[in-house]
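Any read-out appearing in this document is the output of simple, stated calculations on the displayed coordinates, not a laboratory observation. Remember, predicted model here, so these are calculated numbers, not experimental data. All Cβ positions, glycine included, derive from the backbone under ideal geometry; neighbour counts span all protein chains shown.
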C-alpha cells in the first residue's frame, strides 16, 4: 500500500489480481444494477454515491491487514472512490487497471446475472434522446432548442469537472438498484 498523503494512483493489472484473487478484498463501486449484471466473484458492492456511508467497512478491512482493490467499469469511478477514501484518511487503495472491461477482456472469472446497461451507456442514451427530442419539438416550438443547448453545456461541464450530475440522478432509478431491494 502507498502512503495516504501521496497523490499518485496505485493500479493493479487484471492478471496480477487474478493470481491473488483469494488474498484480496475487492470493492466494486458501480451501481447495484451494474454489479448484479456482472461482477468479480467475492467482490462487495459499495456504490460510489453511497461510499461515504461505508468508509468504516473499508477501514476495517485495511486495519485487518487485507489488501483492498477498487473496481468499476473502466476505472473512472474507482479513481473517484480512491480519492474519497484517501480524503477520509485511508491509504490510496489500488484500482483494477481498466476496470471490469479489462477484467473481462483478460477472461477474469465473473458472476453474471441479468444484463443491464452500464451507467455510462444510460447517460449517453438519455442525453442523446433529450437532444433529439428537443430538436424535433423545436420544429413546432422553437424555444425547445435551448434544452439541447442546456444538455450540451451539461456534458461539457461533466467533462471539465469529471463529474456527471445526470449519472448521479440515474443511479437513483429503480433500474440501477438491486433487484432484491
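Structure notes:
- Against the chain, whose longest principal axis comes from its Cα atoms, helix 76-87 is set at around 60 degrees.
- With the Kirkwood sum run over all distinct C-alpha pairs, region 11-112 has a hydrodynamic radius of 13.2 Å.
- Whole-Å distance, taken between Cα centres, linking region 126-181 and region 54-78: 30 Å
- Among beta bridges that DSSP assigns inside the chain, antiparallel share in %, nearest 5: 15 percent
- Residue order, fewest to most surrounding Cβ atoms within 10 angstrom, among 30, 116, 59: 59, 116, 30
- Acute angle (nearest 10 degrees) that the helix 145-161 long axis makes with the longest principal axis of the chain, alpha-carbon atoms: 20 degrees
- Residue-averaged [θ]222 nm for the chain, counting only DSSP H segments that reach four residues, each worth -39500 (n - 2.57): -13500 deg cm²/dmol
- Nearest 10 degrees, 0 to 90: helix 119-137 Cα axis against the chain principal axis: 0 degrees
- Burial order of peptide ranges 40-49, 128-137 (average beta-carbon count within 10 Å, highest first): 40-49, 128-137
- Gyration tensor verdict on region 119-176 (Cα atoms; rounded if a/c is under 1.5, prolate if a/b is larger than b/c, oblate otherwise): oblate
- As a length-normalised measure over Cα pairs under 8 Å and 6 or more apart, the relative contact order of the chain settles at 27 percent.
- Unit Cα scatterers, Debye sum, the chain: log10 I(q)/I(0) for q = 0.11 Å⁻¹: -0.53
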